[in-house]
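J.: Take a look at this one; I'll ask things after.
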Amino acid sequence: MGRITDTIKFLLILNVIFYIGSFIIGDLSIKLFALYYFENPNFQYWQPVTHMFMHDPSSIFHILFNMYALWAFGSPLEMRWGQKKFLFFYFSAGLGAAIIHTLVNYFHIHSVMDSLIAGGWSEGEVMSYLSGGNGGSKAVLDTVSMDSIQSMAQSYNGMALGASGAVYGILVAFGIMFPNIELMLIFLPIPIKAKYFIPGIILIDLIFGITGTATGIAHWAHIGGALFGFIMAWYWKKNSFDNHRWN
């Protein structure tokens, strides 16, 4: 995991350019390139791709962690698969993360919305609330908690950004291709084989996602990237796809 391959170098540079650009352009860059929920007026068709290159400008650790993981786990995969195959994998995992994240938001938003409408709110009052208005009758709170309503609004108005979804796909693929490589957490310096370490990380995301724990992290995007990454890497390994098919 020492050498930086050409594609990884290109992706690192592109992420850094977007990161620096977010300081130059400011909030407009987030509004344009982060991933909004598809029924939100801020959604643009290019965001499922561009969100992979955006990172939180208020936290240097967000981009540092993702870029380190991209280099450490992505380089061995590119050396094994080749450039075209790796790029296909990377963007497919990132798009898979966007799809699963969006689907979870869709079912969450519309389940709460349906409950509000059944409780007496009109669709217009729901949309007014989501746009910053007051919403409808307070009587509906007897059946729909305020926490659920606020969570619906967060899913509708929030955005996802970062390479984490694609990186989780890379982590899973690394675990499939190199299962016995030993890895260590910084805060737990005990070597753990990749085939145990990586599923453990994903399990934590799954728990947070199912319980709806507010961590500020798009856990379902991580799960989506991991799922799509697993399907591709498992299929390729099972069928022994050679690099020359992609070159």
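The values are calculated or read from the model by the stated rules, or taken from the named source; none is laboratory data. Every value quoted in this text rests on a predicted model; they were computed, and no experiment measured them. Just the protein is used for accessible areas: all its heavy atoms, side chains included, with ligands, DNA and RNA removed. Shrake-Rupley method; radii C 1.70, N 1.55, O 1.52, S 1.80 Å.
J.: Would you tell me the accessible area of Ile17, worked out with a 1.4 angstrom probe on the heavy atoms of the protein chains, in Å² to the nearest 10?
T.: 100 Å²
J.: With each run of n ≥ 4 DSSP H residues scored as -39500 (n - 2.57), what mean residue ellipticity at 222 nm is computed for the chain after dividing by its residue count and rounding to the nearest 500 deg cm²/dmol? Write out the running numbers ahead of the final one.
T.: On the way: 10 runs with 162 residues, N = 247.
Mean residue ellipticity, 222 nm, calculated: -22000 deg cm²/dmol.
J.: Rule-of-thumb check for the stretch 147-217: C-alpha Rg over 2.2 N^0.38 Å?
T.: Numbers: Rg = 15.4 Å, N = 71, 2.2 N^0.38 = 11.1 Å.
Rg over 2.2 N^0.38 Å, computed on Cα atoms: 1.39.
J.: Quick one: work out Rg over Rh on the C-alpha atoms of the chain, Rh as Kirkwood radius.
T.: Working: Rg = 19.9 Å, Rh = 19.4 Å.
Here Rg/Rh amounts to 1.03.
J.: Accessible area of Met79, 1.4 Å probe, to the nearest 10 Å²?
T.: Its accessible surface works out to 100 Å², give or take rounding.
J.: Can you tell me the alpha carbon radius of gyration of the stretch 3-101 divided by the globular rule-of-thumb value 2.2 N^0.38 Å? Let's see the in-between values first.
T.: Details: Rg = 14.1 Å, N = 99, 2.2 N^0.38 = 12.6 Å.
Output field value: 1.12.
J.: Moving on. Over the chain, what percent of the accessible surface lies on carbon and sulfur atoms, probe 1.4 Å? Display every interim value, and only then the final one.
T.: Working: 8620 of 13030 Å².
Of all accessible area on the chain, carbon and sulfur atoms account for 66 percent.
J.: Still on this structure: Per the Kirkwood formula on distinct C-alpha pairs, the Rh of the stretch 109-238 is how many angstrom?
T.: Values: mean 1/r = 0.0579 Å⁻¹.
Answer for the stretch 109-238: a Kirkwood hydrodynamic radius of 17.3 Å.
J.: Just list whichever of Lys195/Lys238; Lys85/Lys238; Lys193/Lys238; Lys84/Lys237; Lys9/Lys238; Lys85/Lys193 have alpha carbons separated by over 23 Å in the model shown.
T.: On the way: Lys195/Lys238 17 Å; Lys85/Lys238 16 Å; Lys193/Lys238 21 Å; Lys84/Lys237 16 Å; Lys9/Lys238 29 Å; Lys85/Lys193 25 Å.
Cα-Cα > 23 Å for Lys9/Lys238; Lys85/Lys193; rest within.
J.: Heavy-atom accessible area per residue, the stretch 6-239, 1.4 Å probe: how many Å²? The partial results should precede the final answer.
T.: Values: 11940 Å² over 234 residues.
Accessible area per residue: 51 Å².
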